Amino acid sequence: MKKGILLFVMGLLAVSLIAQEQKEVVTGAVYADDVYYSLVNGSVTTVARDNWDIAFTTQVYSISILANNGAGVELYTYSLGDTTDWANLDTTGMTWTPMYNSLETFDEGAFSAHALVHPDYGWGIYGGMGLITGDSLFVIKTVSGVYKKLAIIRKVSSENRWEFKYANLDGSDEQFLTINTGEYATKNFIYYSIDNQVIADREPATADWDLLFTKYYDYTIPYIVTAVLSNDDHVVAQEVKEDGLDQSTFTSFEDSSFSSVISIIGSDWKSFNMDTYVYDVAEDVVYFIKKYVDQDSTYYKLYFTGFTGMSEGKYTFMQEELLAVSTEIPGSIQMLEVYPNPASDFVNVAFDHMGEVRMNIIDISGRSVYSVNHDAGGFSSLRLDISVLNSGLYFIKVDTGNEARVLRFIKE
């Protein structure tokens with residue numbers, strides 16, 4: 001999953017490519033289900049929200065572990081010790097603060113909430129050669145409300161394997177688990193139910209869905225919300241909110257304002273009316289979505305027209321595919337980001353450009369230490385080998401001939 005900030009592009013105008021269509025997504029009474037949604041194919045998968053407690057990234061170089069906050073899971077770092085205190089964990093007088101998944105990216109799950117600088121990733125310490133060894137002890141309240149102690153033993157990136165254990169607080173019913181996430185590499189995450197002691201293979205292939213209609217804990221409010229998240233593997237979005245905006249005809253947006261933040265759509269397009277006891281839907285906000293498929297990108301407009309609340313959990317919205325008319329300078333770079341960052345063995349440079357691109361990695365003294373040319377045909381992601389570079393700060397100069405941009409990254 002890509003991280004970073006989408007950088008400069010000139011503004012775009014957009015016109016309708018096909019007529020607006022009314023769409024519906026139903027998450028069930030009391031919002032019992034998650035719905036994975038495709039902008040092309042509609043609802044792809046509907047699955048019970050409460051059939052998992054934790055989820056492990058399937059991406060080799062990601063360390064994200066999610067907690068099912070939307071179903072009431074609470075995760076705490078044991079503040080009185082680490083994994084060496086497994087047998088002595090004591091929750092007497094526990095007043096710790098729960099940790100939550102990031103609202104910006106799926107790459108930062110609740111287990112990493114207390115991460116420090118490299119090599120501390122919150123739940124474990126990076127020891128080189130793709131091995132992260134768990135050093136933190138956790139207490140988790142599961143979907144069913146049972147408290148367990150839990151420790152991530154290690155992630156072996158070379159084998160895309162996670163190892164973890166959990167037990168009752170008194171140490172009974174201890175379970176050791178190994179999940180080979182490489183078997184699920186087409187998905188973002190693989191899920192596990194502590195309550196049911198089973199793997200929950202609940203998520204469709206990453207390429208098959210764009211939006212997730214779900215519940216999550218919004219720590220900026222703070223409470224659990226019914227909302228929409230975007231798939232930051234290939235979707236970016238922007239919100240346009242203006243007084244007097246005509247949702248049905250408004251099509252102006254700026255490509256430089258798209259963001260990979262997963263909660264751009266979120267929940268604040270609706271509000272509960274205490275007088276009528278129904279949800280009011282904002283009439284002055286429109287969402288634009290840019291979806292990348294291979295080297296192509298497609299633009300969509302979306303705005304909500306209804307939300308039934310907990311009686312059936314139905315979202316009603318208008319969706320429209322747009323034909324974007326660019327006013328950009330020829331040869332300009334339409335997207336630019338580097339990930340992972342920090343990095344140890346390689347970095348990916350993702351960009352959207354037609355034509356030749358030259359990339360130079362430059363050290364802090366200004367010396368070029370790596371260069372490559374690429375003939376781009378649209379959206380591209382170049383993998384650059386940095387394994388032989390010394391640790392420190394580096395810059396990547398991206399030059400199209402008409403425009404030069406600079407990124408920076410840290411080599412671990």
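Here is how the numbers come out for the structure above:
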item: Residue exposure sequence - Tyr61, Tyr36 - by fewest surrounding Cβ within 10 Å; result: Tyr61, Tyr36
item: Relative contact order (percent, whole number), the range 54-200, Cα cutoff 8 Å, 6+ residue spacing; result: 25 percent
item: FRET efficiency estimate (nearest 0.05) - Cβ-Cβ, Phe346 to Ile224, R0 35 angstrom; result: 0.40
item: Packing-based order for 97-108, 265-276, 306-317, using average beta carbon neighbours within 10 Å, highest first; result: 97-108, 306-317, 265-276
item: Relative exposure of Val146, Val228, judged by other C-beta atoms within 10 Å (fewest first); result: Val146, Val228
item: Neighbour net charge for Val47 - beta-carbon separation under 9 angstrom, K R +1, D E -1; result: -1
item: Of every Cα-Cα pair in the chain, the percent that sits beyond 40 Å; result: 22 percent
item: Sites Gln197 and Leu323 - FRET efficiency at Förster radius 41 Å, r taken between beta-carbons, to 0.05; result: 0.20
item: The range 228-296 - Rg and Dmax from Cα coordinates, angstrom; result: 14.1, 49
item: Theoretical FRET efficiency, 1/(1+(r/R0)^6), r = Cβ-Cβ of Ala87 and Val146, R0 22 Å, to 0.05; result: 0.65
item: Length-normalised contact order of the chain in % [C-alpha pairs under 8 Å, at least 6 apart]; result: 19 percent
item: Percentage relative contact order, the range 336-411, counting C-alpha pairs under 8 Å, at least six apart; result: 35 percent
item: Cα-based radius of gyration of the range 78-144 once divided by 2.2 N^0.38 Å, which approximates compact folds; result: 1.22
item: Euclidean distance between Cα centres, the range 224-254 to the range 73-89, Å; result: 40 Å
item: Inverse of mean 1/r across different Cα pairs in the range 54-200, Kirkwood, Å; result: 15.3 Å
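Throughout, read-outs are computed from the coordinates displayed, never taken from laboratory work. Every value quoted in this text rests on a predicted model; they were computed, and no experiment measured them. Virtual Cβ from ideal backbone geometry, glycine too; neighbours counted across all protein chains shown.
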